[in-house]
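The values are calculated or read from the model by the stated rules, or taken from the named source; none is laboratory data. This is a predicted model, so every value here is computed, not measured. Every residue, glycine as well, gets a Cβ built from its backbone with ideal geometry; the counts of neighbours run over all protein chains shown. Please note that ligands, DNA and RNA were not included when accessible areas were found on the heavy atoms of the full protein model with its side chains. Shrake-Rupley method; radii C 1.70, N 1.55, O 1.52, S 1.80 Å.
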Amino acid sequence: TGQDLPVQELPLPSEFAWGTATAAYQVEGGAFRDGKGDSIWDTYSHLEPSRTNGENADVTCNHYELMLEDVDLMSQFDVDVYRFSISWSRIIPLGGRNDPINEKGIAFYDSLINKLIERNIEPVVTLYHWDTPQRIYDRYGAFLNTTEFEADFKHYAHLCFTRFGDRVKKWITFNEPYITSIFAHLNGTLAPGHCREKGTDTKTEPWRVGHTIILSHASVVEMYASTFQPLQKGSISIVLNGHFYEPHDANSQQDIDAAQRRMEFYIGWFGDPVFLGQDYPAAMREYLGDRLPGFSAEERELLRRTCKINAFYGMNHYSTKYARQLTDPPAYDDWTSNVEESAINSEGVEIGPPSAAQWLRVAPEGFRKLLNWVWKRYRLPIIVTENGCPCIGEKDVEVAVNDQFRQRYVGLYLDSISRAINEDGVKVEGWYVWSFLDNYEWAAGYGPRYGIVHIDFDTLKRTPKNSAWYLKRSLKTRRGRSA
Ligand code: PNW
């Protein structure tokens with residue numbers, strides 16, 4: 001399999017965009033500064049520290065204060081793009097459409113965007129990366145109330161397009177709706193951990209949350225296209241994450257079907273309505289029945305009108321798993337559609353070497369197959385908006401700097417992109433490493449480190465890892481090799 005091969009530095013198109021990515025809550029800090037309102041992550045990490053490794057992101061990388069230096073540092077790696085997210089409650093502290101705006105919050109993003117442009121780095125902006133304003137969750141449950149959420153999110157997006165859209169030309173509405181729906185509203189491992197509260201219904205709520213995200217995305221896309229795009233000339237889409245799934249037993253038709261179905265539950269759930277203007281995948285309807293909300297005639301029209309406006313498929317991808325059809329489903333089966341996931345197949349073959357995250361193994365062949373799967377289904381140019389891995393022992397800066405494991409991971413994954421483009425005919429426009437900086441890894445706190453820059457969280461000293469310099473060289477070589 002691909003993981004045994006050496007990195008080949010295969011060619012990438014000369015216009016291929018290389019970037020780094022972060023999210024506001026994970027890097028900014030300044031959680032209670034300059035009029036920022038609380039988000040559900042501020043609440044969650046303080047109220048229940050045991051759920052986040054005892055840690056919060058009040059300060060984290062302190063990117064809020066060190067932003068100018070950070071952009072200078074990033075520019076040394078010759079990146080084309082920086083993908084970051086806006087903290088909604090930093091610019092509208094209470095989150096709602098009738099609530100006051102915080103000019104100091106807007107000023108922070110203004111100077112970040114200006115600094116990037118000065119350094120010749122394109123800003124790619126995510127509107128929502130998990131940090132819902134606490135007040136709109138308190139008022140109506142945020143995603144649980146589709147109409148209210150859609151109206152508030154639209155207002156927030158309108159403000160961002162108005163204030164930043166003269167300089168920001170690539171917008172992402174939501175980061176990983178699957179994670180928000182399942183991990184935050186079914187498993188409860190991410191904020192708001194809603195399913196842990198009394199009176200919640202995990203049989204229906206995750207699907208309602210997904211429904212709200214899809215419709216809110218579509219109406220913001222429509223607003224951008226009609227009101228802003230004619231003048232600002234930018235593009236907009238959504239970011240979906242998902243593993244690739246191989247059958248646990250390659251000779252079992254049941255497992256082959258299970259692997260496909262698992263990807264439909266993961267990616268098709270959002271991709272089919274958003275990019276094809278269609279209903280949810282048939283397998284989801286079959287498994288979930290009327291627990292899955294339906295689209296009204298009006299909503300179907302909205303999806304049909306907006307699906308083609310999405311200019312790219314934003315892909316967050318990290319790993320591959322084996323899928324096995326369960327005959328005796330456990331109670332939580334409905335989000336996996338009776339699929340058991342594993343890292344070892346029926347022959348005892350491992351999918352790839354383990355990283356410092358239990359769910360993430362090195363499996364570049366699966367990445368190539370997923371690029372093909374997505375291209376075939378949606379026929380949209382793909383931008384890999386997140387890809388990377390944490391290595392073992394990286395708290396120690398000496399270990400972190402010598403991150404051969406990461407260099408190999410990203411090298412192999414870039415080779416997979418090259419093969420997908422040049423041998424399979426898939427359109428891939430760019431690749432953004434997750435992450436620029438070591439940062440706050442949600443429920444795992446400061447444990448796993450994904451940065452190409454090491455952070456000492458006591459002194460906040462930044463030290464580039466060798467992978468940063470490797471990527472600078474590698475992207476130059478690969479883009480120089482294409483005809
Ligand atoms: C992404 N999974 O989350 C997020 O967008 C980032 O904020 C995060 O830091 C990064 O990946 C690394 O975890 C994911 O279990 C979390 O498949 C979990 C999974 C996938 C993505």
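Structure above, values below:
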| item | result |
| --- | --- |
| Relative contact order of the chain, pairs being alpha-carbon contacts under 8 Å that are 6 or more residues apart, as % | 20 percent |
| ³J(HN,Hα) computed for each position of the range 269-276 - Karplus, 6.51 cos²θ - 1.76 cosθ + 1.60, integer Hz, glycine/proline x | 3, 9, x, 5, x, 6, 9, 10 |
| Other-chain or far-sequence residues with amide H under 5 Å of Arg83's (modelled H) | Thr20, Ala21, Thr22, Val124 |
| Positive dipole terminus of the chain, leading residue within Ser87, Gly480, Trp431 (C-beta point charges) | Gly480 |
| Built amide H within the under 5 Å cut-off of Leu360, gap 5+ | Ser355 |
| Student exercise, the chain dipole from Lys, Arg, Asp, Glu Cβ charges, in Debye to nearest 20 | 1260 debye |
| Formal net charge of residues neighbouring Ser14 (Cβ-Cβ distance under 11 Å; K, R +1; D, E -1) | +3 |
| Interchain or long-range residues, amide H under 5 Å from Gly37's placed H | Arg90 |
| Estimated FRET transfer efficiency (Gln8, Arg291; beta-carbon r; R0 41 Å; 0.05) | 0.30 |
| Mean projection area, nm², convex hull over Cα of the range 276-397 | 11.0 nm² |
| Sites His46 and Arg300, calculated FRET efficiency, Cβ-Cβ separation with R0 51 Å, nearest 0.05 | 0.75 |
| Translational diffusion coefficient (Stokes-Einstein; Kirkwood radius from C-alpha pairs) of the chain at 20 °C, 1.002 mPa s, in µm²/s | 95 µm²/s |
| Accessible area of the chain belonging to carbon and sulfur atoms, whole % at 1.4 Å probe | 50 percent |
| ³J(HN,Hα), Karplus 6.51/-1.76/1.60, whole Hz, each residue of the range 116-130, x for Gly, Pro | 4, 5, 4, 8, 6, 10, 7, x, 10, 10, 9, 7, 10, 10, 5 |
| Relative contact order for the range 203-319, counting Cα pairs under 8 Å that sit 6 or more residues apart, in percent | 38 percent |
| Check: the range 281-436 dipole with +1 on Lys, Arg Cβ and -1 on Asp, Glu Cβ, in debye | 680 debye |
| Per residue solvent-accessible surface (Å²) - the chain, probe of 1.4 Å | 37 Å² |
| Integer Hz, Karplus 6.51/-1.76/1.60 couplings in order for the range 205-217, x for Gly and Pro | 4, x, 6, 5, 4, x, 4, 4, 5, 4, 6, 5, 4 |
| Globularity index of the range 247-344, i.e. its alpha-carbon radius of gyration over 2.2 N^0.38 Å | 1.22 |
| Centre separation in Å (Cα based) which lies between the range 105-180 and the range 267-312 | 23 Å |
